[in-house]
Amino acid sequence: GSFSYHASGTATITNQWLESPDVILPADSPVTLQFWNWQEMENSSSGCYDGGLLEISINGGASWTQLPTNAMRTDPYDGPIATSFNNPLGGEDAWCGDPQDWLRSVVDLDLYAGETTRFRFRLATDSSAGREGWYIDDLAIQSCIAGNSPLFTDGFENGDVAAWTGSTP
């Protein structure tokens, strides 16, 4: 976790994301995306106020589809993001551990086997309380064929904690 990607859980409205480059998934199933994550995001009794989710694109990022809870082999989403307080992802299922210690997440990608894909981790916050945020580390694509394909190969493990990009409305 010393050299991981981080999105801040601010007390202002934000829409932050971390997008992978193109990744050609192995054609053989099973194929999974695996990563470690740590969360401290504002939750609610019925879901999330601030929340993070995972999306996939099969058209170079022109459009995105949220990977649903049933694709999560481990660590399913915690519930829907509240539609109050103007969270840009209001109504979407999301993670919002408050806190959740480092946990290895495994996502089933069998539906996309053989496709050229991109992945996008998104954290959206509302106008209420802030928290530490979300850390993502050690992302990998794995299948039953030999090899392991890292998503981010720019050496971020040897540098500082990287900031996500994003926008505020």
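The values are calculated or read from the model by the stated rules, or taken from the named source; none is laboratory data. Keep in mind the model is a prediction, meaning the values are calculated, not measured. All Cβ positions, even for glycine, are placed from backbone atoms using ideal geometry, and neighbour counts span all protein chains on display. These area figures cover heavy atoms from the full protein model, side chains too; ligands, DNA and RNA do not enter into them. Shrake-Rupley method; radii C 1.70, N 1.55, O 1.52, S 1.80 Å.
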Revision key, fill the gap. Turns out the strands (runs of 3 or more DSSP E) fully within region 110-169 with at least 3 residues that are at pLDDT 60 or above and under 17 Å from residue 53 (Cβ atoms) are 116-125, 131-143
Practice item. Having 1 or more residues that are closer than 22 Å to residue 96 by Cα, open to solvent by 30 Å² or more (accessible area, probe 1.4 Å) and in contact with a Lys or Arg (Cβ under 6 Å, 6 or more places away or on another chain) is the bar; report the strands (runs of 3 or more DSSP E) wholly within region 12-84 that clear it. Key: 14-19, 31-40
Practice item. Quick one: in region 85-99, of everything that is over 15 Å from residue 121 (Cβ atoms) and part of a loop (DSSP other than H, G, I, E, B), which residue is most open to solvent (accessible area, probe 1.4 Å)? Key: 99
Review point. Is there a residue being in contact with an Asp or Glu (Cβ under 6 Å, 6 or more places away or on another chain), of a type in the set (Val, Ile, Thr) and over 18 Å from residue 18 (Cβ atoms) anywhere in region 98-119?
Key: yes
Revision key, fill the gap. Subset of region 81-111, residues within 24 Å of residue 31 (Cβ to Cβ) and touching a residue at least 60 places away in the same chain (Cβ under 8 Å), comes to 102, 103, 104, 105, 106, 107, 108, 109, 110
Exercise for review: Give the number of residues within region 1-11 that are open to solvent by 20 Å² or more (accessible area, probe 1.4 Å) and either touching a strand residue (DSSP E or B) at 6+ places or on another chain (Cβ under 7 Å) or part of a strand (DSSP E or B) (or both).
Suggested key: 4
Check your understanding: Among (1) more than 17 Å from the chain's Cα centre (by Cα); (2) closer than 24 Å to residue 109 by Cβ, where does residue 7 come up short?
Key -> (1)
